[in-house]
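What follows is calculated from the coordinates using simple rules that are stated; it is not laboratory data. In this text, all values refer to a predicted model and were calculated from it rather than measured experimentally. Ideal geometry is used to build each Cβ from the backbone, glycine not excepted, and the neighbour counts take in all protein chains shown.
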Amino acid sequence: MTGIPRDHPRYESLITREKIVEGVHMGITSHQGLGAQGRGEAFDYLIGERTTGSAAVAERAAVAWILRASNPVISVNGNTAALVPESLVALADVTGATLEVNLFHRSDARVHRIIEHLRAHGAGKVLGSRGDRRLDLSHDRGIVDEEGIFSADVVLVPLEDGDRCQKLVEMGKTVISIDLNPLSRTSLSSTVSVIDNVTRALQNMIQFAKDMKSDSQENLQGIIDSYDNRKVINDALYAIHERLKLQSDEMGIQWI
Ligand code: ATP
């Protein structure tokens, strides 16, 4: 894909960026998706490009919710389709969740290209092309499928837009977001806020799902009941604070 050497200190980050650019060239990622990726990279840098302990707790709780759900749906946008198609398909397979394409900058052609892209990565049924229901939103992320997001009880929304996240919560759904920005409207309004890079978060969630798949309903409910989302958001902010402080100390800058 690129000439980026494997030993480059920012190899993972640069490869991720290349995948988004390739997604734009393939017509599955919007140009605006490049901006969203940039904002994500900045927060990942501040978090330390790692899964924090608290993010892992959120990922485990997210999997418990998905395994407990009767109609869980994974919402796929142009960035996640470009970055992690295999992981989206694998998570849907292991949990029994349904994939649905949902785009802010929607066109039928782009929806179909993403569906084909997911199929090329092993997906079976992928929803999103019907768009037979509309949430009360002025933009196209409000267009959903009746049998998918509209009737879902649990929706996983990696890289969501804040408006729709709030709308889904208002509709009584359990919303699990994956967003590196702990202060986004999405993170602040989700039931479970996974503050981690989608590339790491989905890998972790697939492993949790494999491990927890045969857990009893009581065990899964116990994980859900003991989960505290406010603490997870606080911990992410603390992780950023600590990293900035450490960096300042190393540079001899006084941290107020
Ligand atoms: P909100 O409407 O929730 O306040 P926003 O306007 O900042 O959010 P968008 O531009 O719609 O959000 O979406 C980009 C969001 O996705 C950003 O919060 C960014 O941190 C996050 N993001 C981008 N790339 C990644 C990634 N690879 N992993 C996790 N999060 C990411």
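Some observations on this one:
- Loop sites in the stretch 177-256: trypsin sites (Lys or Arg not before Pro), DSSP, at most 16 other Cβ within 10 Å: Lys213
- Calculated FRET efficiency for the pair Glu86/Asp211, C-beta based, R₀ 25 Å, to 0.05: 0.85
- In the stretch 118-256, lysine pairs with alpha-carbon atoms under 25 angstrom apart (chain gap of 8 or more, or interchain): 8
- With an a/c value of 1.5 or above and a/b not larger than b/c for the gyration tensor axes a ≥ b ≥ c computed over the alpha-carbon atoms, the chain is described as oblate.
- Separation in nanometres of the label points that stand 7 Å from Cα toward Cβ, at Asn234 and Tyr11: 3.9
- For the stretch 53-237, the residue among Val57, Ala201, Ala123 whose Cα projects farthest onto the positive side of the dipole built from Cβ charges is Ala123.
- Label sites at Met26 and Glu242, each approximated as a point 7 angstrom past Cα along Cα to Cβ, lie 3.7 nm apart.
- Relative to the Cα centre, the charge distribution of the stretch 53-237, modelled as +1 at Lys and Arg Cβ and -1 at Asp and Glu Cβ, gives a dipole magnitude of about 240 debye.
- Exposure proxy ranking, count of Cβ atoms within 10 Å, fewest first, for Asp215, Asp7, Asp196: Asp7, Asp215, Asp196
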